[in-house]
Amino acid sequence: MAAQKLGLDTLPCIDAAHLTDAQKRAYIITDNRLALDAGWDNDLLKVELQDLDAQGFDLTLTGFELGELAALFDEPNFEPGTEDDQGKLDELAPKMVTCPHCGGEWDLREHGQG
């Protein structure tokens with residue numbers, strides 16, 4: 001059904017007819033384990049996803065969540081910020097903080113921090 005929804009006429013598959021039931025079960029476990037141990041070449045992944053995106057492919061169908069895609073495509077900006085940027089950061093800063101260990105609370109404004 002997923003292939004039909006994607007408009008695919010053919011699917012890649014592995015013929016496991018020659019395997020015993022135990023071998024099939026072991027293959028499934030091994031295949032899933034390999035996926036868990038796999039890593040990504042983020043530069044190559046980014047190129048592949050950009051190419052798919054340029055072709056109009058819905059990148060959410062790749063299994064990556066929107067936040068993961070955004071993190072992959074967002075280039076860090078190391079340019080110095082402006083005074084206006086600092087003002088925006090100050091607005092986001094918490095005024096009260098709580099110690100996760102003792103539960104004590106402090107008002108950062110009293111200490112010139114907020």
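The values are calculated or read from the model by the stated rules, or taken from the named source; none is laboratory data. The structure presented is a predicted model; accordingly, all values stated were derived computationally and were not measured. All Cβ positions, even for glycine, are placed from backbone atoms using ideal geometry, and neighbour counts span all protein chains on display.
A compact table of results
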read-out: Residues of region 1-39 classified as surrounded by 10 or more Cβ atoms within 10 Å (Cβ to Cβ), in a loop (DSSP other than H, G, I, E, B) and of a type in the set (Val, Ile, Thr), total; value: 0
read-out: Test result for Phe64, surrounded by 10 or more Cβ atoms within 10 Å (Cβ to Cβ), under 15 Å from the mean Cα position of the chain (by Cα) and not assigned by TED's automatic domain parsing to the domain that holds Trp106; value: yes
read-out: Qualifying residue in region 41-57 (condition: under 15 Å from the mean Cα position of the chain (by Cα), at pLDDT below 85 and either in a loop (DSSP other than H, G, I, E, B) or within 18 Å of Leu6 (Cα to Cα) (or both)); value: no
read-out: Residue among Pro100, Pro94 that alone is exposed (fewer than 11 other Cβ atoms within 10 Å of the Cβ), out of contact with any Ser or Thr (no Cβ under 7 Å at 6 or more places or on another chain) and at pLDDT below 80; value: Pro94
